[in-house]
1. Cut-off 10 angstrom, C-alpha nodes, Gaussian network model of the chain. Which of GLY130, GLY60, GLY11 fluctuates the most?
2. Ignoring ligands, DNA and RNA, what percent of the accessible area of the chain is carbon or sulfur (1.4 Å)?
3. Distance in nm between label sites at GLU168 and GLU14, each 7 Å beyond Cα in the beta-carbon direction?
4. Which residue fluctuates the most in the chain, going by a Gaussian network model with Cα springs under 10 Å, if the choices are ALA108, ALA29, ALA81?
5. Rounded if a/c is under 1.5, else prolate if a/b beats b/c, else oblate: with a ≥ b ≥ c from the C-alpha gyration tensor eigenvalues square-rooted, which is segment 27-130?
6. Suppose R0 equals 22 Å; then what is the FRET efficiency for GLU27 and ALA47 from their Cβ-Cβ distance, rounded to the nearest 0.05?
7. Just need log10 I(q)/I(0) for the chain at q = 0.08, 0.15, 0.16, 0.18 Å⁻¹, Debye formula, equal scatterers on the alpha-carbon atoms, no solvent, rounded to two decimals.
8. Among all stretches of the chain without exposed GluC sites (Glu not before Pro) (DSSP loop, at most 16 other Cβ atoms within 10 Å), which one is longest?
Amino acid sequence: MAPTEGHDVDGELEQDGDRWRLRFTRELAHPAETVWQAVTEPRHLEAWFPQRIVGEWTVGGPLKFEAPSGEHPAFDGEVLACDPPTLLEFRWGADVIRFEIKPHAGGAGCTFVLTDAFDELGKAARDSAGWHTCIDALEYHLDGTAPPWTSRERWNEVHAGYIEKFGEAASAIGPPG
């Protein structure tokens, strides 16, 4: 099965107090340690994460997020939790991103959970399409192949589904520039 098959609009949106949270859960055919490397090492992150991350994965440590081509201003973050190879949480601008990696028995794969906690409901469909695209690209990267689409193409494929799934209020903020 190709990595993107069966992953149509699999993100979930839930309210968390006065914030919102997107949650993506994927079963990956790779050991937790391999997935950990893919979510923490720059040479792997560049294959799927939307910005270059500058900083060390140390709790309390500052992070800087830079657009690869400098097309957007850099912004700051901070490492909030780091427990290799199962948990990484950081502030990504105003959002809080959390990666949970749950090893399967015998090390034959893992469950990957990405959550994004944020304040503004209106960006939920936009950001869901973005994270969906990123996780699809992560799966291809873990499999050692390149996606058959550009990030923009994949985002366009899934965005309409998230608008339909989450509704008009969650779609007030449109595509990234």
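The values are calculated or read from the model by the stated rules, or taken from the named source; none is laboratory data. It should be emphasised that the depicted structure is a prediction, and the values quoted were computed from it without experimental measurement. Using ideal geometry, Cβ is built from the backbone for each residue, glycine included, and neighbour counts are taken over all protein chains shown. Ligands, DNA and RNA are stripped out before the accessible areas are found, and what is left, the full protein with its side chains, is counted by its heavy atoms. Shrake-Rupley method; radii C 1.70, N 1.55, O 1.52, S 1.80 Å.
1. Greatest mean-square fluctuation among the candidates belongs to GLY60.
2. Accessible surface attributable to carbon and sulfur in the chain totals 52 percent.
3. 2.8 nm
4. ALA108
5. Since a/c reaches 1.5 and a/b is larger than b/c, the shape of segment 27-130 is classed as prolate.
6. 0.65
7. Listed by q, the Debye log ratios stand at -0.23, -0.88, -1.01, -1.31.
8. 121-177
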